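Following: one structure in structure tokens, then a few remarks.
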Amino acid sequence: MTGLGSAFRTLVVAAAAGLLAVTGAVAAPAPPASAAPEPKAPREFVALGSVDRTIVQEMRYSTPHNFVGEPVDGYRQPLCILTRPAAEALHRAQLRLLARGYTLKVYDCYRPQRAVDHFVRWAKDLEDERMKGEFYPLVDKSRLFADGYIAEKSGHSRGSTVDLTIVRLPAVPTRAYVPGEELTECYAPREERFPDNSVDMGTGYDCFDTLSHTDDPRIQGEQRANRQLLKGALVEQGFVNLPEEWWHFTFKPEPFPSTFFDFPVARRSVAGH
């Protein structure tokens, strides 16, 4: 009986193969391999809100109000992510500022490499100048790489660099940018440029102009005092300022001094940390 059963099964298989050949039917394709999972942040990274809930977050690259003019690749949620030492240092600076009637506000924190790649593609597209009137009114777009405004790598991708400002309390939220609205130069007087609840720093955030240099001698009076207040509060906690940008600070020593990460800016990237 065993031999007969084996022979019968062989005949069934052969018949099925013949039927496929006659009818032209094909077997169902194998299911595609599942896509590779999104990278997650190392455990040394945290959401800033889990360390300090009082720091205001206005994450510009998750919105169209930035020099690109659209949400930037990799910013899935308006969330500040940093290495834990950098976040804890910001918390210490915040405590000092709260006692003086101010709060920190972050514009950008960890930045994935895919976002930097987006900046590079945008900079090479010389036809796209939709945000020139606000962010780089005096700079020819063809000069963005040569003048150091855009680069293929960013310290933000290492997780310990933050772009931020100071807001006087009580903080009134900044209104939303409406794509297509009339643009005003980022170095215009405060009452003329796009409204921001920041104290007056002399220029807006991400202003591609030498007036953004932290110690530019043309910045005097209250504007200079505000920049020094921000710088002093952060330097005291271990941050180093980038001289060309009053808003840009890096915590030292960096936990990842030579690693450029590409996990998305999203809560899932630091879930459970």
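Mind listing just one residue for me: the one in the stretch 68-94 that is among the small types (Gly, Ala, Ser) and under 16 Å from the mean Cα position of the chain (by Cα) and, of those, surrounded by the most Cβ atoms within 10 Å (Cβ to Cβ)? Outline the logic, then answer.
Restricting attention to the stretch 68-94, the residues satisfying the condition of being among the small types (Gly, Ala, Ser) are 69, 74, 86-87, 89, 93.
Filter once more, so that each one left must be under 16 Å from the mean Cα position of the chain (by Cα): 69, 74, 86-87.
Details: Gly69: 19, Gly74: 22, Ala86: 31, Ala87: 25.
Looking at residues that are among the small types (Gly, Ala, Ser) and under 16 Å from the mean Cα position of the chain (by Cα), I get Ala86.
Set side by side, the residues Arg175, Arg227 differ, and just one is open to solvent by 20 Å² or more (accessible area, probe 1.4 Å) and under 22 Å from Phe67 (Cβ atoms), which is Arg175. Across the stretch 253-270, the number of residues qualifying as in a loop (DSSP other than H, G, I, E, B) and touching a residue at least 40 places away in the same chain (Cβ under 8 Å) comes to 12.
Of the residues making up the stretch 95-118, those that are open to solvent by 10 Å² or more (accessible area, probe 1.4 Å), assigned to a helix (DSSP H, G or I) and in contact (Cβ under 8 Å) with a residue 24 or more places away in the chain are Arg96, Leu98, Gln113, Arg114, Asp117, His118. Per the listing Ser50, Ser62, the residue uniquely closer than 19 Å to Val178 by Cα and open to solvent by 20 Å² or more (accessible area, probe 1.4 Å) is Ser62. Once the stretch 230-249 is narrowed to residues that are hydrophobic (A, V, I, L, M, F, W, C) and open to solvent by less than 40 Å² (accessible area, probe 1.4 Å), the residue that is farthest from Ala86 (Cα to Cα) is Trp246.
What number of residues in the stretch 123-141 are part of a helix (DSSP H, G or I) and open to solvent by 10 Å² or more (accessible area, probe 1.4 Å)?
4
The values are calculated or read from the model by the stated rules, or taken from the named source; none is laboratory data. This structure is a prediction, so every number in the text was calculated from the model and none was measured. Using ideal geometry, Cβ is built from the backbone for each residue, glycine included, and neighbour counts are taken over all protein chains shown. Heads up: the accessible areas ignore ligands, DNA and RNA and are worked out on the full protein's heavy atoms, side chains in. Shrake-Rupley method; radii C 1.70, N 1.55, O 1.52, S 1.80 Å.
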